[in-house]
Each structure stands twice: as structure tokens, then as C-alpha cells.
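Asker: Pasting a structure here, questions to come.
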Amino acid sequence: MYRLMILTSFVLGLLSAALVLKRQNVKASIIGLSVILEMTFTFYMALIVTVILSGAKSCGLNSTGGALGLILGVIVFGFITPQYRKDFWIAYTLSLPLMYGVGKIGCSFAGCCAGICYDGIFHIATDKGNLFPVQITEVVIFILLYIFSMIIYYKDMYNPFVASVIYAVAKILLDFLRDTHEGRIISTNQIMCLTIVIILIVYVIVRKRHESKS
């Protein structure tokens, strides 16, 4: 079930982006090439981040690494086809919360992520004690973020950079509810999310300076 949901998250996310690109009147051939590039970048970064963080002892897909790969793919393809740069940013950042939310459904089946110790309402009873339902919380929040983002998009009010920062901040805050955060001031996932925010800020600054000179 875990692998099925991870695969489903990839398919749904890329399909969502492709449909948005079609609505933006991007050529079908460009859409196809961008999907292939994004799939490659996303899968590679999700895999390589897991390998690095585990010291080459584990081989899996890290969701934050996948998000980083998707954004890097947008940047790269934006340089290749600058006329569609804005469309790529809109389409693929829109798919981020959908991919993450669906992927976390798989994590809930696999039990690869656990919450902090918690005895309140909706707690999960495990052999490690009662834990906070962090996985289902992430699923609900990110699916809601996707729905809200799509509503904003259809109202022509969607800003991909603001949205991406919101997604990253949501992930940072939710990470405080994970067991991996206990005993730490900041977790690896939070550092990676901050890295994504920094990359986005630097990209926007560089792009604005370039546009002001041209």
C-alpha cells in the first residue's frame, strides 16, 4: 500500500501540473518534456536525500527531498524555455501539496513516521505509547492547502513563490509534532525546508535584478 500511494502521489501531482499547463496554453510537447524532467528531478532528489541522511544505510524516498527536486526542475526548465517559466512555477508548485498529502497517506500505512508522545484526543496507541497522529494531520492540512491553492489559482490570485513559502512553513511547523524532533531544536526536515525557502528568495531576488537591468 505504501508503494502504491507513493506512486499515486507522483501520478496525481504530475497530472495536476500537466492539466494546469494545458489550461495555460503551453504546447503539448513542452508539457510532456517538463513532466519527464520533473519526474526525474523529483525522484532523484527524494532518493538521494534519503541515502545521504541515512549514511547510505537506507534506500527510500524523502518527501522534502522530492519537493526540492521539483523546484530545481522548475528552475532548470525555466531557463531552457523562458517563455513558459511563469507557467511552470504556477503548475508545479500547485501540485506540491497534493503530492505531499497523498504521499503521507502511504506513510500512514507503512508506519515510517511517528508523532510525539501525546495522550489527548485522536491519539494513536502503539507499542511505544500514545502518539500524536502526525501523519493524518499532514494529510488533511496539505490536501486542504491544495484545494485552497486551486481555488486561488482559478481566481487568478495565485502566487507560486508565496504559496511555496507557505507550504514550507506548514511543513516546518508540523515537524515539531514528529518524534524525530524530540530532543532537538531543529530537525533535518526543517533545515531542508528552510533551504527551499532560501533558494526561492535568492531566485526571486536574482530574477528581479536581471529584469530590472534588461
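The values are calculated or read from the model by the stated rules, or taken from the named source; none is laboratory data. Not measured: the values here are computed from a predicted model. Every residue, glycine among them, receives a Cβ derived from its backbone with ideal geometry; neighbour counts consider all protein chains shown. The accessibility values were calculated without ligands, DNA or RNA, using every heavy atom of the protein model including side chains. Shrake-Rupley method; radii C 1.70, N 1.55, O 1.52, S 1.80 Å.
Asker: Can you flag which of Lys86/Lys155; Lys104/Lys155; Lys155/Lys213; Lys22/Lys171; Lys22/Lys208; Lys27/Lys86 are past 20 Å Cα-Cα? Present the calculation step by step, with values, prior to reporting the outcome.
Answerer: Numbers: Lys86/Lys155 16 Å; Lys104/Lys155 28 Å; Lys155/Lys213 31 Å; Lys22/Lys171 29 Å; Lys22/Lys208 27 Å; Lys27/Lys86 14 Å.
Over 20 Å apart, Cα to Cα: Lys104/Lys155; Lys155/Lys213; Lys22/Lys171; Lys22/Lys208.
Asker: So how exposed is His210, as accessible area in Å² (1.4 Å probe, rounded to 10)?
Answerer: 130 Å²
Asker: Over the chain, what percent of the accessible surface lies on carbon and sulfur atoms, probe 1.4 Å? The partial results should precede the final answer.
Answerer: Values: 8070 of 11530 Å².
Carbon plus sulfur share of accessible area: 70 percent.
Asker: Another one. Where is the GNM fluctuation largest for the chain (alpha-carbon springs, 10 angstrom cutoff): Val20, Val11, Val139?
Answerer: Val11
Asker: Follow-up question, since we're still on this one. Between the stretch 1-27 and the stretch 115-180, what's the alpha-carbon centroid distance in Å?
Answerer: 20 Å
Asker: Moving to a separate point now. Which trypsin sites (Lys or Arg not before Pro) does the stretch 147-214 hold that lie in a coil by DSSP with at most 16 other beta carbons within 10 Å? Let's see the in-between values first.
Answerer: Details: sites: Lys155, Lys171, Arg178, Arg184, Arg207, Lys208, Arg209, Lys213; in loops: Lys155, Arg184.
Within the stretch 147-214, the qualifying trypsin sites (Lys or Arg not before Pro) (loop, at most 16 other Cβ atoms within 10 Å) are Lys155, Arg184.
Asker: Additional query: Which far-off residues, 5 or more places away or on another chain, put their amide H under 5 Å from the one on Asn130, with H placed in the peptide plane?
Answerer: Tyr118
Asker: Here is a follow-up. Normalized C-alpha radius of gyration of the chain, against 2.2 N^0.38 Å? Don't jump to the answer; show the numbers that get you there.
Answerer: Working: Rg = 17.7 Å, N = 214, 2.2 N^0.38 = 16.9 Å.
Cα-based Rg divided by the globular estimate yields 1.05.
Asker: For the chain, modelled as a Gaussian network with Cα springs under 10 Å, which listed residue fluctuates most, Asn189, Asn25, Asn62?
Answerer: For the chain, modelled as a Gaussian network with Cα springs under 10 Å, the answer is Asn25.
Asker: Helix 188-213 versus the longest principal axis of the chain: what is the Cα-based angle in degrees, 0 to 90, to the nearest 10?
Answerer: Roughly 10 degrees, rounded to the nearest 10.
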